[in-house]
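Written out below as structure tokens is the structure these notes cover.
The values are calculated or read from the model by the stated rules, or taken from the named source; none is laboratory data. These numbers were taken from a predicted model, which means no experiment stands behind them. Positions of Cβ are backbone-derived with ideal geometry, glycine not excepted, and every protein chain shown enters the neighbour counts.
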Amino acid sequence: MQAHPERFLYDSAIMTIDLMDETLRADIEELVCLCEACASPMHCPAPFREEDVCNGYLQEMNTSYRLAKRMLLGKPQAYRQGYGSNAISLLPVSYRGLGDSFDDERPHVGPALARKGIEPKRHGHDSIAVSETGDATVEVLCVE
């Protein structure tokens, strides 16, 4: 994803377009597209409101991924308007599960918080620092 953001954006956009087109051809009655909170803007107030989701610039890290996810918000709306499709987009909290990225270089938020809680305990520390200001918020749903 990071090595070739242009290819990732292209592939993700084509997959989204193909998925929507195939649901029309197959006469699928209902389609629910799951997006991610990363499609929201960089300076979105937390907790964010639905009308704030596409109101601003995306974070620069993984912009291609974020743009592809944002497309999942607009495509169902366009198909509802243009074709009468019964498709919607949902934007759940960040969902993580077994096998998630615990990579030291670029972990996801949930695994990063888990690591922050585990590592100090291993070294005999009683507390952890998650945010310098205390203003950061995150919602994470862990699924098996």
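For M20, indicate whether it is outside any loop (DSSP other than H, G, I, E, B), modelled with pLDDT of 85 or more and either more than 14 Å from the chain's Cα centre (by Cα) or not β-branched (V, I, T) (or both). Here the answer is yes, as M20 does meet what is asked.
In region 89-104 there is at least one residue matching the filter, namely being at pLDDT 80 or above, out of contact with any His (no Cβ under 8 Å at 6 or more places or on another chain) and either surrounded by 13 or more Cβ atoms within 10 Å (Cβ to Cβ) or over 30 Å from E119 (Cα atoms) (or both).
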